[in-house]
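Okay, structure first, notes after.
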Amino acid sequence: MDHVVDFAALERTSFAAGQPFGDAGPYERLIGKATFKIDPADGRNRGIVDLAYAPVGEDELVAYRADVCILKPVDLSAGNGRLVFEFVNRGNKRLLQFFNDAPPGNMPIHAADAGNGFLLRQGYTIVWLGWQGDLWPGDDRVVLEAPLARLPEGPIEGEVFSEFIANARGVKVFPLSAATTSRSYPVAQHAKGQARLTRRRYYGSSREEVARDRWQFARTEGGQGADNQGAELAILPSDTHIYLPEGFEPGWIYELIYTAQDPLVLGLGHSAVRDFISFLKHGQHTNSGQPNPLRQGDAGIKKAYCWGRSQSGRCIRDFIYLGFNEDLEGRQVFEGAMPHVAGAGKMWLNHRFAKPTLLPGQTHDNHSAPADVFPFSYARSCDHITGAEDAILKRPASDPFVIHTDSAAEYWHRRASLVHTDTEGRDLTLPDNVRIYLWSSSQHWASPIVNELSTGIAEQFFNPVSTSMFFRAAVQRLDDWVTRGVAPPPSRFPLAQDGTLVTGKSWLDSFPRIPGVSLPTGPSRLERMDYGPRFAEGLLETVPPRIDPDVEYAVLVPAVDEDGNDIAGLRAPMVEAPLGTYTGWSMRRREFGPGVMLGVTGSYMPFPETEEVALLTNDPRAPVSLRFAVVEDYADAIRKAATVLVEAGFILDEDVSRCVAMARDWGRPRHRITLSLAGKTA
């Protein structure tokens, strides 16, 4: 037997207190552990890096397990026979939040957790499985427990690099993973003295050595002292933390090069998803005799779709590219895929000493992390630097239908133009089974629920454009495509040939000069990076990677109109009837890195409200009062924009009223408008 899927425990609970969801009726929640066994000698698994060094049992199989959570109709025959699998983002469930406008949470059980109920009203079964094997448990995250890779003679070691950027003063300790929720690769005891810490202002700046006696491998622990000593601090040796007593200077890039040991076999995340979804679609019973929870008589799962955003959207692209969308019986795993805000990236996952939690490839943060590597597009293209030819989609028998969606932020921070251009910036012809949509002038994180505007460490408000209505239509269009052969509307994204996809310099020449607004010099570059001769085998041996600043891939951005809003793509009602300039970039405040963008965030710059304000502030943009005389005019413009999107197939009828409701009171709290509410209620 080459693989086994089983359940260590599975707890069944009524969801939403038995509330029915349309024709699908009531739902139930199943949570527990899925266990896996995989054959390292099977050629279909040999691409999993370091699987050959994972421990095996008497059956010569590698065992591992993962958290699982399922929301399903109590009566499966009342559902639609469709499964939506979410590639969780760093262990966090986001599907209900973005498709159902639900509050965020990792343990859905109450009616409020269903939000507007959309996916459940449609009869979908929703499945979550842990795939990221370096996460610590906590906050109900969905995690995978990956085994260590180890040689017969002892630990596997290798040189690694970690980057630390503090966003506040007083930060003195980081885990070596740089992420609290991610496991760190421990420093090898014999090599502690050879570790090297440097810092630099920007990623392209010269590195400054931080003397070895100024930092140590340690962590701190605080607590209340005895006998009225007050708060006390202890410094404890740690093989998985770095301690800098003087504190990390906010906004500076600190880089640690050290010899690590004990890599995890993280590529098992892909095989876990492959084998689990295949079992749910085709299996009758587990190896121990437990029934498939998604099979009731003739009722079961007929089609499976996947969705993931940001990191997990990149994971979908990686999953498909590496061939995991074909199960061990040669069958297609997912018929449809919806990677969202993935940009041009794949994953730093199926590598030795990988760090999948990192947000890679930004102008300032993790610029050289090995996630954005050729191929970038679903279409076949040539890498003009290396001469290689490749594509994300290259296995017609198992390649799914793909609806790829990006916000404007991915063009600025995540090199999204390379998804639909060649490496020199020329437009590509997409495969027939792919649609790409730019959600114009929106940002990477577009929460369906906004209670107030915020800036964080950015100069301007973060971008508040609402886009969740696009998700609901997208899954319906995908299901129509897979099930009935009805293709979605044509792709909508900027093109080099018509001038809607431009260089950073061209964009800078056309963007309005808004008072008090710093501008980026261009999107995050993608230079030639050398990770060593065995990178294709999953081994990074040039640490840190060598960057050639004179050789790079073309990264382009959407052209903008006179307001600074994107011209091409899908313009949400808020963008079509704007109350400000909404961008895919934002700038760090001076104390956190002057002159560079803040990763994957966008900005909102309110329009001047009256002609008087525009004149006094030298704002070249037309004021709100000349665009909409009263709030009813604004709400009507939103209604018209939403109706046009319904007619084009990009949003559903039910979302028109939601868009109009958000427009009441001048779109507050998503907008900073102080005009009085003239006229009747919208």
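The values are calculated or read from the model by the stated rules, or taken from the named source; none is laboratory data. All values derive from a computational prediction rather than experimental measurement. A quick note on method: Cβ atoms are made from the backbone with ideal geometry, for glycine too, and the neighbour counts reach across all protein chains shown. For accessibility, only protein heavy atoms count, side chains too; no ligands or nucleic acids. Shrake-Rupley method; radii C 1.70, N 1.55, O 1.52, S 1.80 Å.
One residue is enough: does segment 483-494 have a residue meeting the conditions part of a helix (DSSP H, G or I), touching a residue at least 12 places away in the same chain (Cβ under 8 Å) and either closer than 28 Å to Gly115 by Cβ or not aromatic (Phe, Trp, Tyr) (or both)? Scanning segment 483-494 turns up at least one residue that is part of a helix (DSSP H, G or I), touching a residue at least 12 places away in the same chain (Cβ under 8 Å) and either closer than 28 Å to Gly115 by Cβ or not aromatic (Phe, Trp, Tyr) (or both). Restricting attention to segment 32-46, the residues that are assigned to a loop (DSSP other than H, G, I, E, B), at pLDDT 95 or above and charged (D, E, K, R) add up to 1.
Condition check ((1) touching an Asp or Glu at 6+ places or on another chain (Cβ under 8 Å); (2) at pLDDT 95 or above; (3) of a type in the set (D, E, K, R)) across all residues:
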position: Val210; (1), (2), (3): no, yes, no
position: Trp215; (1), (2), (3): no, yes, no
position: Gln224; (1), (2), (3): yes, no, no
position: Gly230; (1), (2), (3): no, no, no
position: Ile242; (1), (2), (3): no, yes, no
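Are any of the residues in segment 276-292 of a type in the set (D, E, K, R), touching a strand residue (DSSP E or B) at 6+ places or on another chain (Cβ under 8 Å) and either part of a loop (DSSP other than H, G, I, E, B) or farther than 24 Å from Gly32 by Cα (or both)? Reasoning before the result, please.
Our first condition is that a residue be of a type in the set (D, E, K, R); within segment 276-292, this holds for 281.
Now drop any that are not touching a strand residue (DSSP E or B) at 6+ places or on another chain (Cβ under 8 Å), which leaves 281.
Narrowing further to those that are either part of a loop (DSSP other than H, G, I, E, B) or farther than 24 Å from Gly32 by Cα (or both): none.
Scanning segment 276-292 turns up no residue that is of a type in the set (D, E, K, R), touching a strand residue (DSSP E or B) at 6+ places or on another chain (Cβ under 8 Å) and either part of a loop (DSSP other than H, G, I, E, B) or farther than 24 Å from Gly32 by Cα (or both).
Here Ser442, Ser447, Ser466 are screened, and the one residue that is touching a Lys or Arg at 6+ places or on another chain (Cβ under 8 Å), among the hydroxyl-bearing types (Ser, Thr, Tyr), assigned to a loop (DSSP other than H, G, I, E, B) and in contact (Cβ under 8 Å) with a residue 40 or more places away in the chain is Ser466.
A single entry from Ala568, Ala554, Ala577 fulfils the requirement of being modelled with pLDDT of 95 or more and surrounded by 22 or more Cβ atoms within 10 Å (Cβ to Cβ): Ala577. Taken together, Gly516, Gly532 contain a single residue that is open to solvent by less than 70 Å² (accessible area, probe 1.4 Å), more than 20 Å from Ala648 (Cβ to Cβ) and not basic (Lys, Arg), which is Gly532.
Please find, among Gln97, Gln19, the residue that is surrounded by fewer than 20 Cβ atoms within 10 Å (Cβ to Cβ) and either more than 30 Å from Arg352 (Cα to Cα) or hydroxyl-bearing (Ser, Thr, Tyr) (or both). If you could, list the steps in order and put the result at the bottom.
Working: Gln97 fails: surrounded by fewer than 20 Cβ atoms within 10 Å (Cβ to Cβ).
That would be Gln19, the only listed residue that is surrounded by fewer than 20 Cβ atoms within 10 Å (Cβ to Cβ) and either more than 30 Å from Arg352 (Cα to Cα) or hydroxyl-bearing (Ser, Thr, Tyr) (or both).
Within segment 493-531, restricting attention to residues that are among the small types (Gly, Ala, Ser) and under 28 Å from the mean Cα position of the chain (by Cα), the residue that is nearest to Ala622 (Cα to Cα) is Ser518.
Every residue, every condition in (1) under 26 Å from Arg435 (Cα atoms); (2) surrounded by fewer than 17 Cβ atoms within 10 Å (Cβ to Cβ); (3) at pLDDT 95 or above, yes or no:
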| position | (1), (2), (3) |
| --- | --- |
| Ala629 | no, yes, no |
| Val644 | yes, yes, yes |
| Glu647 | yes, yes, yes |
| Ile651 | yes, no, yes |
| Lys680 | no, yes, no |
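Just to be sure, is Val49 open to solvent by less than 30 Å² (accessible area, probe 1.4 Å), in a loop (DSSP other than H, G, I, E, B) and in contact (Cβ under 8 Å) with a residue 24 or more places away in the chain? Spelling it out, Val49 is indeed open to solvent by less than 30 Å² (accessible area, probe 1.4 Å), in a loop (DSSP other than H, G, I, E, B) and in contact (Cβ under 8 Å) with a residue 24 or more places away in the chain. Might you check whether a residue that is open to solvent by less than 60 Å² (accessible area, probe 1.4 Å), basic (Lys, Arg) and touching a residue at least 40 places away in the same chain (Cβ under 8 Å) occurs anywhere in segment 520-527? No.
When Asp59, Asp134 are checked against the criterion of being more than 30 Å from Thr483 (Cα to Cα), surrounded by 22 or more Cβ atoms within 10 Å (Cβ to Cβ) and of a type outside the set (A, V, I, L, M, F, W, C), a single residue qualifies: Asp134.
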